[in-house]
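Each value in this text was obtained by applying a stated rule to the coordinates, not by laboratory testing. Treat the numbers as computed from the prediction; the structure is a model and nothing was measured. Ideal geometry is used to build each Cβ from the backbone, glycine not excepted, and the neighbour counts take in all protein chains shown.
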Amino acid sequence: MLFFVLATAAVGVTALFSERASESVLDHELEKHLAGVAGVAAAAQRGDVLAALRPGDEGTLAYRNATDRLRRLVHSTELNDAFLLDRDGRLLVGVDDDARIGAERFLPRLDGAEVAQAWRGGQPVGTRYVARDGRPYRAAYARVLDSGGRPAALLGVEASADYYAALHVLRERSALVGALCLAFALGLAVLVGRSLLAPIQDLAHMAEAIGEDPSDRLQPRRRSDEFGLLLDSFTRLRDRLRARDEALARRADAALARERALSERILSSLQSGIITVDAGGHVTSFNPAAARILEGEDVTALEARLAAVPALAALLHQGDVVKSEVELAHGGRQIVVSAAALHLGADHDARLVVLDDITERRDLEGRFQARETLAKLGEMSAGVAHEVRNPLNGIRLLLGLLARDVESLPQCRGLVDRAQQEIDGLNAIVSEFLQFARPLDLQLERAPVADIIEGALLLAAAEIDRRRLIVRREVAAVEIRADAAQLKRALLNLVLNAAQASPEGGCIEIVAARRGDRVRISVRDGGTGVDAEVRDRLFTPFVTHRDGGTGLGLAVAQKIANLHGGDCQLEESSLQGSRFTLELPVGS
């Protein structure tokens, strides 16, 4: 009898222990699951948008999007409820149709300590409570951060704890088993006691497996008794938890992939070059614009390019934010690149390098300054004509009278003739300057480029023959919409400059070719190049690189090119010669 009582007591104690152990493990697993769901869901929220919500914004797109995300969360993870709160514990977003911003919520007051802990950065789970429907529930909380890392809202999720009902069933059936044990004989009690050991072990193993890893596919022995029912309930719970975890993992991976793809699309569409460099100076990432500016298709080429340019290499080893403008060789020409480097967040050894091609902006600034100069010269031209030309004509007249008086004195007559030649030279400069400063009215028409070139060469034939120069032509058959007379005048200036810069018996090369919707006409001489000190001012009026020049020929050529929507520039200059280029739109 004593053994029977002990066996009965052992059964009762075992049932109680099993219930308590199961309750503890399930509580732990539910807390872990709810905290994980709250954390992942909070990370997916947009704190900046939530912080901006105010009462009355229930009809806005931002509020509807936040509500839809909560409803999808509730549906996909089988939650009972999900909500977003502000600092005062009032509702920001809820899943109910009648939810309103600023409404009171009872649950945050019930879980006051957990709410405070969540605002401090934790992910606590509230205590179990029984709702009006008689079912037990638990809630978990996690804060939502804005783009600056500041808490913007608090996300709460609520789930039912139905497993307590299953434990209640277990308790009742355990009591029934105990009562039956009291009615049966000692042998039956011993047999029942032994039969309980295996399902209890299975139950403990299942509970431990669920607590350790819901994805563990441990399969308990099949039973048809009450313990089998509980084991089946645990199995279903494990399967649901595993399915929820897998769904959350897939959603997190998909969200991460979308964010990464969006970042890559943004970087690819930028016109600025973006490069990230680690502490060792090695390139870790770059966008297509950076590859285009630095002419490098892979990491190795970009690293070599950065190391080869001292100004760029220095950016990687200076202060927090460094800016510089660098000239680079690019596609056979020089470009100007604005470069900036800054540290990447807390990692002070890694840097972000931003490159912008500002060549076109620099060219536009130069053209604007040149046009301002031309405008000022135009304003001065009328005064110059009146103040200089009239006195020159008067002086010339007086010299003519003086020449008749000293005609019998050869030495004096030579001096008078010399003075008249100087007056003629000054008058020619004034005339050329007035022609340069005078506004031009272009007469646009279709004209073959070859005819314009031949016309300029015909006008320069005397100078070319005098210096016994050879002219080589490579002219494509292309027409251009332009003022042929003005273009001939611009090209004539380039040809005369080339002829005067070339040694006697030398060669002048003229090449004309179409590139897309533009035509490039280049004139190359055989001289010794342009002095470095005048290159930047070469197209400024009265700046010349040769003796006897007026300094207006290149300025006139550039003015005519600009009026046609093109440009005139010194493309190359060395001891083997210089090449000047007219680049003009073809026109329709």
Contour minus Cα-Cα distance for L402 and R71 (0.36 nm per residue): 108.4 nm
Fully extended contour minus Cα-Cα distance, from A52 to V478, at 0.36 nm per residue: 147.1 nm
Value of Rg to Rh for the stretch 45-160 (Rh from inverse mean 1/r over Cα pairs, i.e. Kirkwood): 0.94
At 1.002 mPa s and 20 °C, Stokes diffusion of the stretch 270-356 via Kirkwood alpha-carbon radius, µm² per second: 168 µm²/s
Surface/4 estimate of mean projected area, convex hull on alpha-carbon atoms of the stretch 471-533, nm²: 5.5 nm²
Karplus-derived 3J(HN,Hα), 6.51/-1.76/1.60, for each residue of the stretch 235-242, Hz, glycine and proline x: 4, 5, 4, 4, 5, 5, 4, 5
Over the stretch 67-132: Rg over Rh, Cα atoms, Kirkwood Rh: 0.95
Mean Cβ count within 10 Å, highest first, over the residues of peptides 288-301, 137-150, 467-480: 137-150, 288-301, 467-480
Peptides 492-499, 67-74, 526-533, 40-47 ordered by average Cβ neighbours within 10 Å, highest first: 492-499, 40-47, 67-74, 526-533
Order of F286, F580 - criterion: other Cβ atoms within 10 Å of each residue's Cβ, fewest first: F286, F580
Descending semi-axes in Å of the stretch 445-585, equivalent ellipsoid built from Cα gyration tensor: 22, 17, 14
